[in-house]
């Protein structure tokens, strides 16, 4: 007998960033604390821009232009980079147990590969041949058509996110985003239009968002051998959603968290296989007084906290930094990052601090 999952699906009205993100954050809670089967959420946002958990929103976005254009902005609870959202982009949230057999071992790489395959099969319905490219993109002949993101809460429940481009406003993205030059140079392209594509561009047809949602739903059922049953949040879940809306997604402390320091700290900025890595560091004598690790990578909050705590008030000598990082490190602590890259970024930040 097929496993039955729940489906929250809304093709009618785009939702606010607060509502959509709060519903998604409630999904793993439903699985781990409310005895729910996995829940798939398919929907669209109002015109908006959403940054990754560890990004600095004021560094990532031109907020005054967002406000002038009526573009909502917010911070999601999963890692990765900035995404433009709107009524022509399918938003997907999946809440599921981290040890579910469909997740290919529960590692970030395994999750992206297994669920990315489901999305690639969904696109095949429209004769689009997509493939997964690390660290977190689905591409069609080198052009991004979807971005993947994930986070595990307390090691038991997983939230998987994706945004699949049915259509996309590249001029809007260029107007409201601050894209670090290091990222553009690393890609080797001069124009964002060379790096992105959409379902409509690939098919040459006016494919509707509901058609893409239907294809995603069917692909999940076929590829994972499950059944999806239409559902909606119950009273317990609605209480969680409302709490997350108020305490997180309408809370400036959340939206403007992970700010880059405004004090004089050395900066180590490095483009890595994990994404853009930024380390901010200040010294007191020969010791590290403070260190902050940010970027568009995927990591658990507690892992970053352990790394930063281990480095504070440690000797700023390279051998001491290496010893602290290696002692705390575990595989995929920051998905796609090797510890030597972090050590290099820390040393860059130290050198820049000394020059201040």
TODO: Specify, per residue and in Å³, the volume enclosed by the convex hull of the alpha carbon atoms belonging to region 266-355.
DONE: 71 Å³
Task: Rel. contact order, % - alpha carbon contacts under 8 angstrom, at least six apart, the chain - done: 19 percent
Open item on the list: Normalised radius of gyration for region 191-233, please: alpha carbon Rg relative to 2.2 N^0.38 Å, two decimal places.
Closed with: 1.58
Task: Interatomic Cα distance distribution for region 102-156, bins of 10 angstrom, percent - done: 26, 50, 20, 4
Open item on the list: Given 10 °C and 1.306 mPa s, compute D for region 3-255 with the Stokes-Einstein relation, Rh being the Kirkwood radius over Cα pairs; round to the nearest whole µm²/s.
Closed with: 87 µm²/s
TODO: Provide the gained length on full extension for the span residue 205 to residue 284, in nm with one decimal, where the gain is 0.36 nm per separating residue minus the Cα-Cα distance.
DONE: 22.3 nm
- [ ] Would you compute, from DSSP H runs of 4+ residues alone, the mean residue ellipticity of the chain at 222 nm, taking -39500 (n - 2.57) per run and dividing by the full residue count, rounded to the nearest 500?
- [x] -11000 deg cm²/dmol
Task: region 184-319, Rg to Rh (Cα coordinates; Rh as Kirkwood inverse mean 1/r) - done: 1.10
Open item on the list: If I histogram all Cα-Cα distances within region 4-87 using bins 5 Å wide from 0, what percent of pairs lands in each bin?
Closed with: 3, 14, 21, 22, 18, 12, 6, 3, 1, 0
Open item on the list: Counting C-alpha atoms alone, how compact is region 15-161: give Rg to one decimal and Dmax as a whole number, in angstrom.
Closed with: 15.4, 46
Task: Difference of contour (0.36 nm per residue) and Cα-Cα distance, residue 236 to residue 175 - done: 17.9 nm
Task: Percent antiparallel among DSSP beta bridges (both partners in the chain, rounded to 5) - done: 75 percent
Task: region 302-356 - Kirkwood radius from inverse mean 1/r over Cα pairs (Å) - done: 11.6 Å
Open item on the list: Given contacts defined as C-alpha pairs under 8 Å and at least six residues apart, what's the relative contact order of region 1-129, whole-number percent?
Closed with: 27 percent
TODO: Quote to one decimal, in nm, the extra length available between residue 126 and residue 355 on full extension: 0.36 nm per residue of separation minus the C-alpha distance between them.
DONE: 76.9 nm
Open item on the list: Using a 10 Å cut-off around each Cβ, can you sort 323, 202, 235 from fewest to most neighbouring Cβ atoms?
Closed with: 235, 323, 202
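Just so you know, all these numbers are worked out from the coordinates, no wet-lab data involved. Because the structure is predicted, anything quoted here is derived from the model rather than measured. Note that each Cβ is placed from the backbone with ideal geometry, even for glycine, and that neighbours are counted across all protein chains shown.
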